[in-house]
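Taking it in order: structure first as structure tokens, then the write-up.
The values are calculated or read from the model by the stated rules, or taken from the named source; none is laboratory data. Quick caveat: nothing in here was measured; it's all calculated off a predicted structure. In this analysis, Cβ positions are derived from the backbone assuming ideal geometry, glycine residues included, and neighbour counts consider all displayed protein chains. Quick note on the areas: whole protein, heavy atoms, side chains included, nothing else; ligands and nucleic acids left out. Shrake-Rupley method; radii C 1.70, N 1.55, O 1.52, S 1.80 Å.
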Amino acid sequence: MIGRLNHVAIAVKDLEAAAKVYRDTLGATLSAPLPQPEHGVTVIFVELPNSKIELLEPLGADSPINAFLERNPGGGIHHVCYEVDDILAARDRMKAQGARILGSGEPKTGAHGKPVLFMHPKDFLGTLVELEQA
């Protein structure tokens with residue numbers, strides 16, 4: 001059911017400092033910062049030949065990333081994102097298998113302008129999983 005790895009998301013306290021590491025130290029190509037108010041984050045994508053790294057900075061006091069950064073003050077891997085052909089079919093299949101979808105269970109629009117859902121980390125070996133319609 002899952003397709004390619006779309007991105008690995010890293011939560012950071014300072015988006016520009018994190019971008020500098022990837023841009024200046026690793027020579028990576030980066031997107032412009034993209035505020036995502038619906039998700040409570042601002043993101044920058046690090047472009048790789050076969051995938052992306054998504055740098056996440058909290059956007060506002062109510063950002064869900066704040067709690068992660070309180071537990072992990074230095075930042076760290078927040079989630080992995082896999083592509084699926086049909087997000088509603090994937091959601092229904094996951095629910096039928098007992099997996100929990102976070103939030104309302106209805107897809108939201110992600111940073112790539114495509115529908116996304118997040119799966120409960122306790123159902124995926126302690127890893128927060130994002131599904132994005134390809």
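Overview of results
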read-out: Charge dipole magnitude, Cβ of K and R +1, D and E -1 - the chain, Cα centre, debye nearest 20; value: 260
read-out: Percent of beta bridges antiparallel (DSSP, the chain, rounded to nearest 5); value: 70
read-out: Rg in Å to one decimal, and Dmax rounded to a whole Å, for the range 73-134 via C-alpha atoms; value: 11.6, 37
read-out: Per-bin percent of Cα-Cα distances, the chain [10 Å]; value: 12, 44, 34, 9, 0
read-out: Rel. contact order, % - alpha carbon contacts under 8 angstrom, at least six apart, the range 2-133; value: 25
read-out: Cross-link reach list, lysines versus Lys122, counting only Cα pairs under 28 Å and skipping chain neighbours closer than eight places; value: Lys13, Lys52, Lys95, Lys108, Lys114
read-out: Folded to 0 to 90 degrees: helix 87-96 orientation relative to the chain principal axis, Cα; value: 60
read-out: Å² of accessible area per residue within the chain, as computed with a 1.4 Å probe and no ligands counted; value: 55
